[in-house]
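Asks: Quick one: the structure is below, and I'll ask about it shortly.
The values are calculated or read from the model by the stated rules, or taken from the named source; none is laboratory data. For clarity, every value in this text was computed on a predicted model and none was experimentally measured. Every residue, glycine among them, receives a Cβ derived from its backbone with ideal geometry; neighbour counts consider all protein chains shown. Keep in mind that these areas ignore ligands, DNA and RNA; they rest on the heavy atoms of the full protein, side chains included. Shrake-Rupley method; radii C 1.70, N 1.55, O 1.52, S 1.80 Å.
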Amino acid sequence: MLKGKTALVTGSTSGIGLAIARALAADGADLMINGFGDKAAIEKERAGLEKDFGIKARYSAADMSKPAEIADMVRAAEKEFGRLDVLVNNAGIQHVANIEDFPIEKWDAIIAINLSSSFHTIRTALPGMQKRKWGRIINIASAHGLVASAQKGAYIAAKHVLVGLTKTVAIENANNGITCNAICPGWVLTPLVQQQVDARAKAQNISVEQAKVTLVSEKQPMHEFTKPENIGALAVFLASDAAASMTGSAYSIDGGWVAQ
Ligand code: NAD
């Protein structure tokens with residue numbers, strides 16, 4: 001479905017972003033990946049995408065907390081592939097603390113990486129998409145973009161606003177052939193969540209396996225993690241022509257979390 005299209009996925013060296021990158025590549029899209037990590041491991045992943053799926057893959061080391069680097073990354077993708085059709089804003093971090101104890105620098109970093117980076121990628125990518133009258137923007141929000149939990153004030157603020165930004169971008173571009181949607185996952189067992197599992201196991205003096213079960217079942221009627229590949233499949237669908245009129249929405253993939 002995506003042969004001849006090009007995509008950029010922020011934060012795609014790990015977890016959900018990596019699964020989305022692989023799903024888009026499997027569907028034929030050329031890709032720019034981005035994120036932090038071990039240089040050799042990233043190069044292995046990039047080369048693997050090309051080898052496994054017969055597409056072109058490039059890597060940008062842009063830091064999603066730096067507006068100038070973000071704009072340069074989008075322009076580099078356009079230059080490299082001649083166009084940017086699918087933009088997935090996925091990079092994200094977490095910090096857990098009560099508001100009165102929340103470190104100011106953590107607040108600023110979460111707002112910059114989980115929210116403002118999407119403004120910067122979108123504002124840079126839109127003119128090209130508008131000219132070509134085709135674009136797909138997918139923002140990886142969270143169940144925490146729709147409902148709140150304690151101790152995640154910055155993350156929840158960022159994800160709620162990201163869902164709001166999704167709606168505005170969709171409305172402004174409704175007749176430009178461009179859609180903008182948010183995906184709202186529940187628990188997905190990635191390094192970001194493993195940290196929370198480990199902290200819970202330590203704090204409650206329980207095993208890591210027990211901590212996984214209590215973490216998920218506290219929030220989700222379905223006591224299972226969502227697989228990163230399933231989020232990749234949803235992103236591919238939202239990028240397809242079949243989803244041409246789906247815009248401005250937040251799609252939950254969360255084991256029933258926000259149905260309650
Ligand atoms: P992860 O830690 O596995 O991956 C995060 C990615 O973002 C990595 O590639 C990392 O290098 C990159 N990144 C972090 N800071 C960056 C920066 N400043 N510049 C560039 N890249 C940066 O986490 P994940 O769980 O895969 O999370 C991906 C997205 O999914 C996040 O936006 C997260 O909020 C969201 N999400 C995750 C879950 C979950 O349960 N794991 C649930 C809902 C939403």
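Asks: How charged is the neighbourhood of Gln194? Take every other residue with its Cβ under 14 Å from the Cβ of Gln194, and add Lys/Arg as +1 and Asp/Glu as -1.
Replies: Values: positive: Arg200, Lys202, Lys212; negative: Asp198, Glu209.
Summing Lys/Arg as +1 and Asp/Glu as -1 gives +1.
Asks: Express the accessible area of the stretch 137-215 per residue in Å², computed with a 1.4 Å probe while the remaining protein chains stay in the model.
Replies: I get 41 Å² per residue for the stretch 137-215.
Asks: Follow-up. On average, how much area does the Cα convex hull of the stretch 195-260 cover when viewed from any direction, in nm²?
Replies: 5.7
Asks: Which one, Phe102, Ser249, Pro191, is farthest towards the positive end of the dipole of the chain when Lys and Arg carry +1 and Asp and Glu -1 on their Cβ?
Replies: With unit charges placed on the Cβ atoms, the residue in question is Ser249.
Asks: So what's the gap between the Cα centers of the stretch 187-260 and the stretch 62-129, to the nearest angstrom?
Replies: Here the answer is 21 Å between Cα centres.
Asks: Follow-up. For a protection proxy built on the mean count of beta-carbon atoms within 10 angstrom, sort 247-258, 192-203, 137-148 highest first, please.
Replies: By packing density, highest mean first, the sequence is 137-148, 247-258, 192-203.
Asks: Once you have a ≥ b ≥ c as the square roots of the Cα gyration tensor eigenvalues for the stretch 1-89, tell me rounded if a/c is under 1.5, and otherwise prolate or oblate according to whether a/b is larger than b/c.
Replies: oblate
Asks: So, one more: Mean-square fluctuation check for the chain, GNM, Cα pairs under 10 Å: which of Asn205, Asn230, Asn34 is largest?
Replies: Result: Asn205 has the largest fluctuation of those listed.
Asks: Where the only charges are on Cβ atoms (+1 Lys, Arg; -1 Asp, Glu), what is the dipole of the chain about its Cα centre, to the nearest 20 debye? Provide the component values of the computation, followed by the final result.
Replies: Values: 27 positive and 25 negative charges, 123 e Å.
Dipole of the chain, to the nearest 20 debye: 580 debye.
Asks: What percentage of the solvent-accessible surface of the chain, computed with a 1.4 Å probe over protein heavy atoms, is contributed by carbon and sulfur atoms?
Replies: Looking at the chain in its full context, I get 55 percent from C and S.
Asks: While we're here: Which whole-percent values make up P(r) of the chain when all C-alpha to C-alpha distances are grouped in 10 Å steps starting at zero?
Replies: Spelled out bin by bin, the chain gives 7, 31, 37, 19, 5, 0 percent.
Asks: Any idea of the accessible area per residue across the stretch 20-75, 1.4 Å probe, to the nearest Å²? If you can, show how the numbers build up before the last one.
Replies: On the way: 2680 Å² over 56 residues.
Roughly 48 Å² per residue, with all protein chains present.
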